[in-house]
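Worksheet: the structure to be examined is printed underneath.
The values are calculated or read from the model by the stated rules, or taken from the named source; none is laboratory data. Quantities reported herein were computed from a predicted structural model and do not represent experimental measurements. Here Cβ is always computed from backbone atoms with ideal geometry, including for glycine, and neighbour counts include all displayed protein chains.
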Amino acid sequence: MKQSPNTQAVRIQTPRTDQKEHSTPLFLTSSFCFDSAEEMRATFAGELENNIYSRFENPNAQEFIDKMCALEGTESGFATASGMSAIFSCFMTFLNAGDHLVSCSSVFGSTHTIITKFFKRWNIDYSYADLNDPDSWESLIKPNTKMIYVETPTNPGLDIVDLEWLGRLAKKHNVILVVDNCFATPILQRPADYGADLVLHSATKWLDGQGRVLGGIIVGRKDLIHEIYLFSRNTGPSISPFNAWLLSKSLETLDVRIQRHCDNAEALVKALDGHPKLNSIKYPFHPSHPMYEIAKKQMKRGGGLVTFDLKGGLESGKNFLDALEMLTLTSNLGDTRSIASHPASTTHAKLTPEEQLAVGITPGLIRISVGIESIEDIKADILQALEKS
Ligand SMILES: Cc1ncc(COP(=O)(O)O)c(C=O)c1O
């Protein structure tokens, strides 16, 4: 009987050992054994599919991958130690000296650093397209363009890229389309359904959802994932069995957690709409979002992140953080506990005000990762802190 992706995220399980355990054990082992020299030879020769070494594969990693493939609707995957190692492995597997990447400046800060600062070392070229001008993207694709890389919704600007349109564009030019689906999660959006060849995540965020471990994953077309596997088993970004075990358990509750995060985010948006201390509020499913129609088309709900712009700018942003009593000040998101951050004075403080504005960061921008606490407590803390901002 074919099960739904959410049931598969609960039920996919490593085959039971002879201990008859109900919950998957932790395979905390660096390597795996062979019964004979012939079995070992044949496994190394690729004639038999057996576990060899946890840098290559591990049952806990495989369970996490299988659940993510079910959720994202993809054929195959490879799990990594962090979101950044997933992104870096993806770039390094496919981009050679002389190749070109199309992306946009609204990508996660470390991804932006790899593209703009490190790519030069390997003679990899890039062009940043304008998110607000989709017509311009095609003109940036050159004969040596190998990959289009986007994030949607973006961090921290919550901008949206039209995946249906981008999937068609990538196919037309035979370019690999990679989508960072960290903010939406497969519960709200499945980029592979729109033609993304590879979908990746910082599992550190919503997939774990409880702020405990770093992890990453790339899922997608089997032939491409095989290339990533061959590159990664030699270069070593693989996930630890412990983190994979924990992330696989986390996926059992992903759907219920994301629904609650969305319920709370929607209620928070309602409470903040038109607040006198705010210039604006941004949420993918708020009609004032510039890409509201696209968000509605490709996402099931608006997600757990909300941003707003304080009229009082930089100082107000700092005052707001200092006045919070329950929300945590921490540089993470996607946690059961609500988190507030002020990009202009923290993560993006090194950028000039012009550079900040170019990636959608105003001096008074506050990002809230809405947790699953009682919404009344979340609203009360944010509203009292706004009064003091
Ligand atoms: C959208 C996005 N992609 C990638 C990353 C990097 O993930 P990690 O911190 O797990 O390396 C982050 C981290 O915040 C992120 O928000």
Next on the checklist: Let me spell it out: the conditions are (1) touching an Asp or Glu at 6+ places or on another chain (Cβ under 7 Å); (2) within 11 Å of the ligand (Cβ to nearest atom); (3) of a type in the set (Ser, Thr, Tyr), and SER202 meets all of them except one. Which number is the exception?
Outcome noted: (1)
Checklist outcome for this item: Here the qualifying pairs (Cβ atoms under 9 Å; residues six or more apart or on different chains; first in the range 147-167 and under 19 Å from LEU357 (Cβ atoms) and in a strand (DSSP E or B); second aliphatic (A, V, I, L, M) and away from the ligand (no atom under 11 Å from the Cβ)) come out as GLU151/VAL161
Checklist outcome for this item: Screening PHE242, PHE231 for residues that are surrounded by fewer than 19 Cβ atoms within 10 Å (Cβ to Cβ), touching a residue at least 24 places away in the same chain (Cβ under 8 Å) and within 20 Å of THR204 (Cβ to Cβ) leaves only PHE242
Next on the checklist: Given the condition within 14 Å of SER82 (Cα to Cα) and modelled with pLDDT of 95 or more, answer yes or no: does some residue in the range 159-180 qualify?
Outcome noted: yes
Next on the checklist: Quick check on this structure: which one of ILE339, ILE378 is touching a Gly at 6+ places or on another chain (Cβ under 9 Å) and farther than 18 Å from THR154 by Cα?
Outcome noted: ILE378
Item to check | Elements of type helices (runs of 4 or more DSSP H) in the range 47-143, at least 1 residues being away from the ligand (no atom under 16 Å from the Cβ) | outcome: 59-72, 83-94, 137-140
Item to check | Selected residue (criterion: farthest from the chain's Cα centre (by Cα)) from residues of the range 292-330 that are crowded, with 17+ Cβ neighbours inside 10 Å and among the aromatic types (Phe, Trp, Tyr) | outcome: PHE320
Next on the checklist: What pairs come out if I take residues in the range 314-341 that are within 21 Å of GLY209 (Cβ to Cβ) and pair them with residues that are among the aromatic types (Phe, Trp, Tyr) and at pLDDT 95 or above whose C-beta lies under 9 Å away, six or more apart or interchain?
Outcome noted: LEU333/PHE183; LEU333/TRP206; GLY334/PHE183; GLY334/TRP206; ASP335/TRP206; ALA340/PHE320
Next on the checklist: Can you pull out every residue in the range 92-134 that is free of Cβ contacts under 8 Å to residues at least 60 places away in the same chain and of a type in the set (Ser, Thr, Tyr)?
Outcome noted: SER103, SER110, THR113, THR116, TYR126, SER127, TYR128
Item to check | Where a residue in the range 73-86 is closer than 15 Å to ARG190 by Cα and hydrophobic (A, V, I, L, M, F, W, C) and its partner, wherever it lies, is more than 7 Å from the ligand (Cβ to nearest atom) and part of a helix (DSSP H, G or I), with Cβ under 7 Å and at least six apart | outcome: none
Checklist outcome for this item: Selection from the range 331-363 of residues over 16 Å from PHE108 (Cα atoms) and either modelled with pLDDT under 95 or in the same structural domain as VAL213 (by TED's automatic domain parsing) (or both) yields SER345, THR352, PRO353, GLU354, THR362, PRO363
Item to check | Exclusive hit being at pLDDT below 95 and either of a type outside the set (Ser, Thr, Tyr) or outside the structural domain of CYS262 (by TED's automatic domain parsing) (or both), set THR145, THR113, THR185 | outcome: THR113
Checklist entry - In the list ALA192, ALA271, which residue meets the criterion of being modelled with pLDDT of 95 or more, assigned by TED's automatic domain parsing to the domain that holds PRO25 and more than 13 Å from the ligand (Cβ to nearest atom)? => result ALA192
Checklist outcome for this item: Among THR362, THR336, the single one that is surrounded by fewer than 18 Cβ atoms within 10 Å (Cβ to Cβ), of a type in the set (S, T, N, Q), in contact with a helix residue (DSSP H, G or I) (Cβ under 8 Å, 6 or more places away or on another chain) and not in a helix (DSSP H, G or I) is THR336
Item to check | Where GLU266 falls short, out of the listed (1) assigned to a loop (DSSP other than H, G, I, E, B); (2) out of contact with any helix residue (DSSP H, G or I) (no Cβ under 8 Å at 6 or more places or on another chain) | outcome: (1)
Checklist entry - Counting just the residues of the range 153-182 that are farther than 20 Å from CYS69 by Cβ and within 13 Å of the ligand (Cβ to nearest atom), which one comes out surrounded by the fewest Cβ atoms within 10 Å (Cβ to Cβ)? => result GLY157
Item to check | Verdict on SER232 being within 16 Å of the ligand (Cβ to nearest atom), assigned by TED's automatic domain parsing to the domain that holds VAL178 and touching a Lys or Arg at 6+ places or on another chain (Cβ under 6 Å) | outcome: no
Item to check | Flag for HIS289 being within 22 Å of the chain's Cα centre (by Cα), at pLDDT 95 or above and surrounded by 20 or more Cβ atoms within 10 Å (Cβ to Cβ) | outcome: yes
